[in-house]
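So the structure is just underneath, and the comments pick up after that.
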Amino acid sequence: MTNRVAKIRPGTRVPTTHPYAVGELVLDAVPEDERLWVPMVEGVWFRPLMFNTTQGGWCHLIRVRKAGVVSRHRHPDPVHGLVLKGAWRYLEHDWVATEGTYIFEPPSETHTLVVDEDVPEMITFFQVTGSLHYVDEADKAVGFDDVFTRIDLARAHYEEVGLGADYVRNFVR
């Protein structure tokens with residue numbers, strides 16, 4: 001992984017965590033290498049930052065380069081978000097998340113994420129705890145994602161673009 005932001009300082013490494021703790025993870029969140037963006041549907045990608053396989057959650061960036069509904073879904077656990085670029089909204093709420101907006105989504109929140117026509121690109125950081133359940137307009141479950149389905153999507157994509165399926169291990173903690 002190339003790393004533009006984090007610089008390794010020369011010197012002696014000092015242990016800062018317990019010997020059985022997982023390793024730290026320092027990387028460029030918005031990569032220059034387009035292959036790191038995993039396609040979900042046309043015009044929508046996610047960029048894995050960290051897959052937490054012990055607690056069952058993940059941190060990622062969502063990038064949208066199309067207008068319209070991205071997905072309607074429900075979270076049984078909390079989600080935190082921070083808009084880095086562009087704007088988006090939920091059909092069920094009267095606010096618009098713009099650059100710099102922090103969002104907390106409580107457990108049981110169901111919403112329909114929309115990117116409007118005047119937004120050429122949206123990038124938002126999300127920390128997802130647990131799973132994500134896709135639902136239709138009648139709130140009937142039509143699919144789900146969890147940390148393992150996201151890992152599987154990333155593994156298949158990284159294999160396809162020449163990084164190798166095990167490249168995903170860089171993000172697993």
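The values are calculated or read from the model by the stated rules, or taken from the named source; none is laboratory data. It should be emphasised that the depicted structure is a prediction, and the values quoted were computed from it without experimental measurement. For neighbour counting, all protein chains shown are included, and Cβ atoms are generated from backbone atoms with ideal geometry for every residue, glycine included.
Scan Val114, Val128, Val83 and give me the residue that is within 15 Å of the chain's Cα centre (by Cα), more than 21 Å from Phe51 (Cβ to Cβ) and β-branched (Val, Ile, Thr). Give the derivation first.
Details: Val114 fails: within 15 Å of the chain's Cα centre (by Cα); Val128 fails: more than 21 Å from Phe51 (Cβ to Cβ).
One residue alone meets the criteria, Val83.
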Subject >> Conditions (1) surrounded by fewer than 17 Cβ atoms within 10 Å (Cβ to Cβ); (2) over 15 Å from the mean Cα position of the chain (by Cα); (3) outside any loop (DSSP other than H, G, I, E, B): number failed by Ala97 >> reply: (1)
**OP:** Consider only pairs whose beta carbons are under 7 Å apart and that are at least six residues apart or on different chains; among these, list those whose first residue lies in the range 29-42 and is closer than 16 Å to Lys66 by Cβ and whose second residue is assigned to a loop (DSSP other than H, G, I, E, B).
**Re:** Glu42/Lys66
**OP:** Only strands (runs of 3 or more DSSP E) wholly contained in the range 112-173 count here; list those with 2 or more residues that are in contact (Cβ under 8 Å) with a residue 40 or more places away in the chain.
**Re:** 122-129, 132-135
Original post:
Of the residues that make up the range 75-96, is at least one within 23 Å of Asp33 (Cα to Cα) and of a type in the set (Val, Ile, Thr)?
Top reply: yes
**OP:** Give me a count of the residues in the range 52-94 that are outside any strand (DSSP E or B) and under 21 Å from Asp118 (Cα atoms).
**Re:** 8
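Does Arg89 satisfy the criteria of being out of contact with any Lys or Arg (no Cβ under 8 Å at 6 or more places or on another chain) and either closer than 30 Å to Ala21 by Cβ or charged (D, E, K, R) (or both)? Before you say what the answer is, go through the steps one by one.
Values: out of contact with any Lys or Arg (no Cβ under 8 Å at 6 or more places or on another chain): yes; either closer than 30 Å to Ala21 by Cβ or charged (D, E, K, R) (or both): yes.
So Arg89 fits the description; yes.
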**OP:** Kindly establish whether Val22 is farther than 18 Å from Asp166 by Cα and at pLDDT below 90.
**Re:** no
